[in-house]
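Since the structure comes first, as structure tokens, the remarks are kept for the end.
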Amino acid sequence: MANVSRINGFRPVKHVNGSPYNGQANMYAVAAGDSTALFVGDPVKFDGSGTAGGIATVTRATAGGPVLGVVVGFVPLKVDPVAGTMTTGSTSLDTPQYRPASTAMYVMVADAADLLYEVEGTNGGSSYTYLVADIGLNADAYYGGSGSTSTGNSAASLDVGATKATTATLQFKILGAVQRVDNETVNNSSTAVKYLVKINQAVLGNGTGATGQ
């Protein structure tokens, strides 16, 4: 049965040693001057600044650059992350699903350097046909799509078709395909394959990544 294309960014699933991802994340901030919206599943990087309270600010990563981690949630700006209190006023408990452009907000980022992520492989955001030879190579993320403002899901994918190579500076390393009954991996015929990847050019890892094999 053909795979269903569900591009929704990068999703942490487990650590390199096989232990499951347990939802751990760290809080960062996004500056009001950042004009790029953020969604759950978006890879992010440091933007070189921080808040007056000393919280590092991040922005969406760009192809070919370092990756800190992946967004897993958002926190309303009314929350004081130090005192654990809220400022005056009210906020809806079921929002925000995403971080709108040019809006100051806190984001939760899964930033452990040894996390493995599930992501759909594409060719510049378009359909890509799986090849066994992809395993072990590196690739950049594709950031060209628009995330969903209703679900909050990212439109990022793994740009296997256009960027796969052995180059050490590519952002993600392909470790294989997700082993699940709804992820068909027939060589030269399967599309919308979900790959298992690790951040290769990790900010909290060893900097420039390893070459692909």
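The values are calculated or read from the model by the stated rules, or taken from the named source; none is laboratory data. All values reported here derive from a predicted model rather than from experimental measurement. Please note: Cβ atoms are built from the backbone with ideal geometry, for glycine as well, and neighbour counts cover all protein chains shown. Side chains are part of the model used for accessible areas, which takes the heavy atoms of the whole protein and leaves out ligands, DNA and RNA. Shrake-Rupley method; radii C 1.70, N 1.55, O 1.52, S 1.80 Å.
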Task: Per-residue HN-Hα couplings for the stretch 143-155 [Karplus 6.51, -1.76, 1.60; θ = phi - 60°; Hz; x = Gly/Pro] - done: 10, x, x, 10, x, 8, 6, 8, 8, x, 7, 5, 9
Task: Residue among Thr163, Thr59, Thr103 with the largest mean-square fluctuation in a Gaussian network model of the chain, springs linking Cα atoms under 10 Å - done: Thr103
- [ ] May I ask you to derive the FRET efficiency for Asn26 and Thr62 from their Cβ-Cβ distance with R0 = 22 Å, giving the value to the nearest 0.05?
- [x] 0.55
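Given contacts defined as C-alpha pairs under 8 Å and at least six residues apart, what's the relative contact order of the chain, whole-number percent? Each step should come with its number before you reach the end.
Values: 571 pairs, mean separation 56.5, N = 213.
Result for the chain is 27 percent.
May I ask you to give the percent of accessible area on the chain that is carbon plus sulfur, with a probe radius of 1.4 Å? Numbers along the way, then the final one.
Working: 5170 of 9790 Å².
Within the chain, the accessible surface is 53 percent carbon and sulfur.
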Open item on the list: Treating the stretch 114-213 as a set of equal point scatterers at the Cα positions, no solvent, please give the Debye-formula log₁₀ I(q)/I(0) at q = 0.20, 0.23, 0.24 Å⁻¹.
Closed with: -0.98, -1.22, -1.29
Task: the chain - convex hull of alpha carbons, volume per residue in Å³ - done: 125
Open item on the list: Between Thr36, Thr57, Thr122, where does the largest GNM mean-square fluctuation fall for the chain, given springs only between Cα atoms within less than 10 Å?
Closed with: Thr36
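Taking only DSSP H segments of four or more residues, each worth -39500 (n - 2.57), what value at 222 nm results for the chain once the sum is divided by all its residues, to the nearest 500 deg cm²/dmol?
On the way: 1 runs with 4 residues, N = 213.
For the chain, the value works out to -500 deg cm²/dmol.
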